[in-house]
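Each remark here refers to the structure printed beneath this line.
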Amino acid sequence: MNQFFIITGTSQGIGKELAEYYLDKGCKIAGADINNGSIKHENYIHYILDVSDEKKVSSMVKDVSKKFSQIDVLINNAGMASMNHFLLTPDKTAHKVFNTNFFGTFLFTRETAKIMMKKKYGRIVNFSTVAVSYKLEGEAVYAASKAAIENLTCVTAKELGEMGITVNAIGPTPVKTALIRNVPENKIQELIDRQAVKRFGEFRDIINVIDFFISEKSDLVTGQVVYLGGANA
């Protein structure tokens with residue numbers, strides 16, 4: 001596999017694991033995160049930025065395009081969660097969640113697609129969550145930001161399809177990362193108990209779906225949202 005990736009949220013968790021996985025496959029990776037990265041590899045470049053900063057996102061994508069000459073895959077992994085009753089959710093929190101989750105995905109998708117369309121090829125994978133399907137109490141803002149990503153996924157799949165670019169999304173069940181660190185254990189267990197397959201998600205589950213989405217053979221697969229754990233069962 002000799003592809004050129006942009007992956008957001010690579011300083012820790014799933015984003016870091018994704019970067020390391022594809023580096024081991026021989027790919028070149030440009031990572032983006034608001035924090036410093038810890039990956040040391042000759043084929044890895046780390047950019048420190050806020051994914052909702054339009055100028056910095058545009059500048060990064062242009063720089064990556066010059067260094068890599070092309071961008072084959074974009075994985076919009078960067079995200080943040082907020083669990084709180086709707087009536088107790090601060091305006092500031094709502095804006096921060098949407099800026100990171102939705103606007104970060106929007107900006108990277110828009111800027112990267114401009115590069116991909118030149119080669120008539122691209123694979124874009126967005127991150128949603130089973131919280132959208134389950135309509136979980138206490139996650140109104142988080143789920144709404146991810147629902148917006150799902151709609152963005154479907155519309156951009158239609159608009160970019162003729163350019164050889166596919167756009168899909170994965171909706172993981174809870175994975176043991178920093179994203180759920182502050183969520184009460186009983187709430188996580190209640191969610192897992194609602195699944196058809198009652199266990200935590202693991203990195204292997206996520207990579208299985210992403211590998212399928214970004215395969216050259218998946219050129220007819222676009223506008224899809226795949227939930228893990230049987231959220232729609």
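Observations
- Protection proxy ranking, highest mean first, for peptides 81-89, 69-77, 146-154: 69-77, 146-154, 81-89, where packing is the per-residue count of other beta-carbon atoms within 10 Å, averaged.
- Burial order of peptide ranges 156-165, 28-37 (average beta-carbon count within 10 Å, highest first): 28-37, 156-165
- Highest-fluctuation residue, Asp63, Asp50, Asp91 considered, GNM on the chain with Cα pairs under 10 Å: Asp91
- Local electrostatic count, Asn2, Cβ distance below 11 Å [Lys/Arg +1, Asp/Glu -1]: +1
- Over the residues of the chain, the helix contribution to mean residue ellipticity at 222 nm works out to -13000 deg cm²/dmol, using -39500 (n - 2.57) for each DSSP H run of at least 4.
- Peptide packing for 120-130, 184-194 was compared via the average number of neighbouring C-beta atoms within 10 Å per residue; ordered from the highest value, the list is 120-130, 184-194.
- Set Lys16/Lys176; Lys67/Lys96; Lys96/Lys198; Lys16/Lys118; Lys55/Lys96 screened for pairs whose C-alpha atoms are more than 21 Å apart: Lys67/Lys96; Lys96/Lys198; Lys16/Lys118
- Förster radius 35 Å - calculated FRET efficiency between Met163 and Ile39, Cβ distance, rounded to 0.05: 0.70
- Stretchable slack from Arg199 to Thr93, in nm (0.36 nm times residue separation minus alpha-carbon distance): 35.2 nm
- The mean sequence separation of alpha-carbon pairs under 8 Å and at least six residues apart, normalised by the residue count of the chain, gives a relative contact order of 18 percent.
- Positive minus negative residues near Val57 (Lys, Arg vs Asp, Glu; Cβ under 14 Å): -1
- Amide hydrogen proximity for Ala78: with H placed 1.01 Å from N in the peptide plane, the residues at 5 or more positions away or on another chain lying under 5 Å are Thr8, Gly9.
The numbers here are math on the coordinates, done by the rules we state, and not lab data. No experiment lies behind these values; they were computed from the predicted model shown. Note that we place each Cβ from the backbone using ideal geometry, even for glycine, and neighbour counts take in every protein chain shown.
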